[in-house]
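The values are calculated or read from the model by the stated rules, or taken from the named source; none is laboratory data. Since the model is a prediction, treat every value here as computed from it, not as a measurement. Glycine gets a Cβ as well: all are built from the backbone with ideal geometry, and neighbour counts include every protein chain shown.
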Amino acid sequence: MRNYNKALLIVAVLLVGGGVGFLVFGSMTAGNIDDSFNFTYEPSSPDLVEALTFNVDIGSLLFKYNTSPTSLYADIDVDMEISGWYMEGKTYLDFFQPSASWWDDVTATFNLQTIPDVWFNPSHWFKSYNITIAVILRTDVVYDLTALMSVGSIEMEVPDGVPLNGTSLTSSTGSIKFKTLGNNEIKGPVRLESSTGSIEFYASKTNFSSGFRASTSTGSLTLNYTNCIMGDNLIGTVSTGSVNFKSYNMLYSKDINLNLETSTGSIDVELSQYISMGANVTGTWETSTGSVDVLYRDNLIDTDVRFVGSTGTGSINYQTHATMEITGLGSIYS
């Protein structure tokens, strides 16, 4: 028994000593990998609509527009920092595919892909990434943009007077922020999707010819429209999180559906309509667990508004207006 206890003690000492040595050596070899890369796109035969695709495993993806004349259709800057223990002798190639494979000039596709984690390589255990992909676009070019992000955020701001075609921004884990500054037309459909993360959208004087759709599984959804034109259905859905919708003087170029839905969370709607709507709008605003609050304002004599509400559990408070009709038991009020 005495020899057995000695053996256990020796094993314990080795384990503790090895663990301490592992941590000490790891801290001694800690460091950063800093790299920057640049890619440009200048097609020899430009299309009327330039389609660009971005597939990014991790990072922050920023879409901006040029502020000075340029011949480039896309100017992509990648700033990369990889930090952690056991970084001595490592390069970005230990974590990412070679940079030569990131940009495909033929398909106008950007791919930033990580390599699979190596379980026996401790540098993969303690790593952290700080990566920014900044994309400079041209204000005089119409783009069809598709962005797919696995882990990270996507942000885009469209300057005054710049048109777009279809726009699809998707993040599996991360937020999406999209803003149009005015006098814009988006001819194709707009799709904003996140699995885990919030979505914020602000539009001013923008014509959405093919409608708008935004959805997130876990996170809040904020949609704000000022003096915009909606040419097709407007849909906002959340599984777990709140929905905040505001519109000011929205003009509808045809009859549409305006649907807002969340399973667990509140829906807050603020509608200000001081111009003719132009068409009929039918909407369903629904939550399984949470409240629905609607504030409607107008000073029109020829715009009829009718709300029909129902509730399973909860109370109803509403105030009528001269041009409004509210029927049924619903948690919707003026």
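Assorted remarks:
- As for the stretch 160-182, it holds at least one residue that is among the polar types (S, T, N, Q) and in contact with a Cys (Cβ under 9 Å, 6 or more places away or on another chain).
- Residue selected from the stretch 266-279 under the condition of a type in the set (A, V, I, L, M) and buried (at least 16 other Cβ atoms within 10 Å of the Cβ), by the criterion nearest to TYR225 (Cα to Cα): LEU271
- Annotation note: of THR237, THR222, THR264, the sole residue that is polar (S, T, N, Q), in contact with a strand residue (DSSP E or B) (Cβ under 9 Å, 6 or more places away or on another chain) and at pLDDT below 95 is THR264.
- Within the stretch 58-73, residues that are among the aliphatic types (A, V, I, L, M) have Cβ atoms under 8 Å from residues that are buried (at least 18 other Cβ atoms within 10 Å of the Cβ) and not in a strand (DSSP E or B) in these pairs: ILE58/GLY152; LEU61/GLY152; LEU61/SER153; LEU72/ARG138, counting only partners at least 6 apart in sequence or on another chain.
- Per-region count, the stretch 185-212, residues touching a Gly at 6+ places or on another chain (Cβ under 9 Å), part of a strand (DSSP E or B) and farther than 30 Å from ASP57 by Cβ: 4
- Matching option when the condition is more than 30 Å from SER150 (Cβ to Cβ) and surrounded by fewer than 18 Cβ atoms within 10 Å (Cβ to Cβ), among SER253, SER263: SER253
- Complete set of residues in the stretch 81-112 that are more than 23 Å from the chain's Cα centre (by Cα) and aliphatic (A, V, I, L, M): ILE82, MET87, LEU93, ALA100, VAL106
- Among the residues of the stretch 129-146, the ones that are surrounded by fewer than 20 Cβ atoms within 10 Å (Cβ to Cβ), under 11 Å from LEU52 (Cα atoms) and among the hydroxyl-bearing types (Ser, Thr, Tyr) come to 1 in all.
- Enumeration of residues in the stretch 47-67 that are small (Gly, Ala, Ser), more than 19 Å from LYS187 (Cα to Cα) and part of a strand (DSSP E or B): SER60
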